[in-house]
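The values are calculated or read from the model by the stated rules, or taken from the named source; none is laboratory data. Predicted model only: the values in this text are computed from it and were never measured. Positions of Cβ are generated from backbone atoms using ideal geometry, with glycine treated the same way; all protein chains shown enter the neighbour counts. Side chains are part of the model used for accessible areas, which takes the heavy atoms of the whole protein and leaves out ligands, DNA and RNA. Shrake-Rupley method; radii C 1.70, N 1.55, O 1.52, S 1.80 Å.
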Amino acid sequence: MYGNAYIDPNEVNKTHSVLADEDPKLLAEFEARIERGEKIEPKDWMPKEYRKQLIRMIEQHGHSEIIGALPEGTWITRAPGFKRKLALMAKVQDEVGHAQLLYSAAETLGKSREAMINDLITGKSKYSNVFNYPAFTWADACIIAWLIDAGAIINQVANAKGSYGPYCRALDRICTEESFHLKYGHDNVVTLATGTPVQRKMVQEALNRWWPPIMHFFGPSDKISSHTEILMKWKVKMATNDDMRQQFLNMYVPKIWDLGLTVPDANLKKNETTGKWEYTEPDWDEFKRVINGGGPCNAERLAVRRNAEERGRWVREALKAGQTAYVVPFA
Amino acid sequence: MNVAAIKELLYKVADDQLVIGHRNSEWTGLGPILEEDIAFSSMAQDKLGHAQGCYQILHDLGEANPDQIAFSRKADQFHNCQFVELPNGEYDFSLMRHFLYDHADQIRFEMFANSSFEPLAKLAKKVKGEIKYHVFHGNTWINKLSTANEVSKIRMQTALNESWNYALGIFEAGNFEAELKNEGIFEGENALQNKWLEVVCPLLEKAGLTIPEKSSWEPVLGGRKGYHLAHLEALVAEMSEVFQIDPTATW
Ligand SMILES: [Fe+2]
Ligand SMILES: [Fe+2]
Ligand SMILES: [Fe+2]
């Protein structure tokens, strides 16, 4: 998961005022470099707003990886059979590794891993909303591994073409691993969907539960604002939320139907004239409620993470003993 | 070749690997630092692979297939030592258990590599290369945490005290010690324990830890005979929860 940077609704209507105190000449050079497709590196000049938005985005992505390990992680101990248990362990391990890579990328912009994790456990920074929903059954874990990772890949492949060098390089590596997750998830869902009646029922029910969060995954339609525009111009945001959602539907709805599964949205269909998918508008009030802490698992996820941080504090303290200066990673 | 003796040996070793692997995997997402989540997950994957390898040999000797053995038995059919079934507790205990257990594991598989029982020797040659990294990881961290500061030192000493008698239980004698030795299959638990003491005691002392008084040594036995703590029952129930929805289905 899942570099979906949710733009704070309060920031959407900000104008170019964020650039008011930037040196126009440096700003023009910076924008020209991005225009030419060059990567921005940690020591390069960048507008304060660019730095701020990137930190927020990469950090959210890192948090999503580490929080995402929780709903799937609870199924490692219950995975049915050696093959699944080993594969799920490796997958969730990858996700934790992604968090590590992403935190390192964000650290190059000047925020320490510790500060980021602090903001996570105090609820100050966000993570992908989907992880505030429970994984009730084994089939839920399989649907997550297939479709949530599929969504993540769409998002991350887009972001890998962004402008910030360390983030792009982290994403290239992450995307390679995500493609294995997708394969693993798909294989699991195929097994259930072509299995016994009990297994088919399990996987259909899981899909029904996960469909609304999946539709929420890419975020609400982007408001056309100067803020969004500037993030796209700076190649911080690489595709609109709606475009990514369309891409996802186009790639995966046919695959879902092929398996004899149904999608719990009677209005879902491809409009052959426009080439676009039509669907029931997701409940964005619910989305906002969940992202602001009101989802079924927000409290639990943060409590688990906070508890892990508390219990591990003595280890981190011990590691500091004898260590002199903090070294910023070379991402 | 004494098949009953070999089976008993393989069951206990495989069950140790399966259960410690399961415990290691419980650190996923919850470790004190991300790097340790990842390390414990790697070790868990290796252990599971080792368990699978041993169960496969058992299967070749006529037992059920690895999935059925691992995911269909009741707790009292497991032959792991009680040490590995204890809950993870805090990181100090998990780390100390990992250190003590993996040294025993390393020596055991080095012995297996010379076994007259070919399939075991073959498996052991592969496995011991992986355990080397587990031991290296354990050594590094035991050293680091036992010498870092007062808090961590006390924690590691306490973990050692709590672990010691359980660790001695790893070496509970089986029913075929003499047969295994005579046929060159395995040197036996007694020899293993002696070698283990020769290795771990100096390392612990070097890390500044005190090994419990010899008069207090009381190996926790029973695991090898199927006597377990309630923890294992819970672990086994959790592990087989999905598989048991339909043990004949493909998952
Ligand atoms: Fe994921
Ligand atoms: Fe990931
Ligand atoms: Fe993934």
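Which residues, counting only those in region A:109-122, are open to solvent by less than 30 Å² (accessible area, probe 1.4 Å) and out of contact with any strand residue (DSSP E or B) (no Cβ under 9 Å at 6 or more places or on another chain)?
A:Met116, A:Ile117, A:Asp119, A:Leu120, A:Ile121
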* Scope region B:71-100; condition more than 14 Å from every other protein chain (Cβ to nearest Cβ), among the polar types (S, T, N, Q) and not in a helix (DSSP H, G or I); matching residues -> B:Asn80
* To do: Inspect region A:93-109 for any residue being more than 15 Å from ligand 1 (Cβ to nearest atom), of a type in the set (S, T, N, Q), away from chain B (no Cβ under 11 Å) and assigned to a helix (DSSP H, G or I) and give the result as yes or no.
  => no
* **Hits in region A:107-138 - residues which are of a type in the set (A, V, I, L, M) and free of Cβ contacts under 8 Å to residues at least 60 places away in the same chain** => A:Ala115, A:Met116
* region A:62-98 - residue that is among the hydroxyl-bearing types (Ser, Thr, Tyr) and more than 10 Å from ligand 2 (Cβ to nearest atom) and, of those, most open to solvent (accessible area, probe 1.4 Å) -> A:Thr74
* Structure fact -> Residue set B:Ser72, B:Ser41; condition touching a Ser or Thr at 6+ places or on another chain (Cβ under 8 Å), surrounded by 24 or more Cβ atoms within 10 Å (Cβ to Cβ) and among the hydroxyl-bearing types (Ser, Thr, Tyr); output residue B:Ser41
* Structure fact -> Among residues of region A:36-61 being away from ligand 2 (no atom under 16 Å from the Cβ) and under 30 Å from A:Pro134 (Cα atoms), the residue nearest to the chain's Cα centre (by Cα) is A:Arg56
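How many residues are free of Cβ contacts under 8 Å to residues at least 12 places away in the same chain and surrounded by 15 or more Cβ atoms within 10 Å (Cβ to Cβ) if we restrict to region A:290-310?
Within region A:290-310, residues that are free of Cβ contacts under 8 Å to residues at least 12 places away in the same chain and surrounded by 15 or more Cβ atoms within 10 Å (Cβ to Cβ) number 1.
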* Asked: Tell me, which helices (runs of 4 or more DSSP H) wholly within region A:123-211 include 1 or more residues that are open to solvent by less than 20 Å² (accessible area, probe 1.4 Å) and within 20 Å of A:Asp283 (Cβ to Cβ)?
  -> A:138-143, A:149-159
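Can you find even one residue in region A:311-321 that is at pLDDT below 90, more than 22 Å from the chain's Cα centre (by Cα) and farther than 24 Å from A:Asn241 by Cα?
Yes: region A:311-321 contains one or more residues that are at pLDDT below 90, more than 22 Å from the chain's Cα centre (by Cα) and farther than 24 Å from A:Asn241 by Cα.
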